[in-house]
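The values are calculated or read from the model by the stated rules, or taken from the named source; none is laboratory data. Quantities reported herein were computed from a predicted structural model and do not represent experimental measurements. Cβ atoms come from the backbone with ideal geometry, glycine included; neighbour counts cover every protein chain shown.
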Amino acid sequence: MENRELEKISKKLDVLISICLRLILGDKDFEKKSKVRSGIFVNYLVNFGLDVKDIANILNSPIQSVRTLLTPKRRKK
């Protein structure tokens, strides 16, 4: 495997580990209304360096919706 492929796999594993830790700790950040929750998830996943296509697949959302949520006006850090 090339280094790029390994880096992509590593990023995705980092996301899984992070989500598992949040579940174990009972983190309540993601428990909000549905429209707000999508934005929170998108911002959370993009911080791991995942691309828009991967995030759209994970959330089962259209790519354009994910891009819209990542516009500077809508992006929350």
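A few notes on this one:
- Here L59 meets the list (1) surrounded by fewer than 16 Cβ atoms within 10 Å (Cβ to Cβ); (2) modelled with pLDDT under 85; (3) within 25 Å of L6 (Cα to Cα); (4) touching a helix residue (DSSP H, G or I) at 6+ places or on another chain (Cβ under 7 Å) almost entirely, failing just condition (1).
- If you go through the range 41-54 and pick out every residue that is closer than 14 Å to S18 by Cβ and within 8 Å of the chain's Cα centre (by Cα), you end up with 8.
- Cβ separations smaller than 9 Å between residues 6+ apart or across chains give the following pairs from the range 13-25 residues that are surrounded by 10 or more Cβ atoms within 10 Å (Cβ to Cβ) to residues that are of a type in the set (F, W, Y) and assigned to a helix (DSSP H, G or I): V15/Y44; S18/Y44; I19/Y44.
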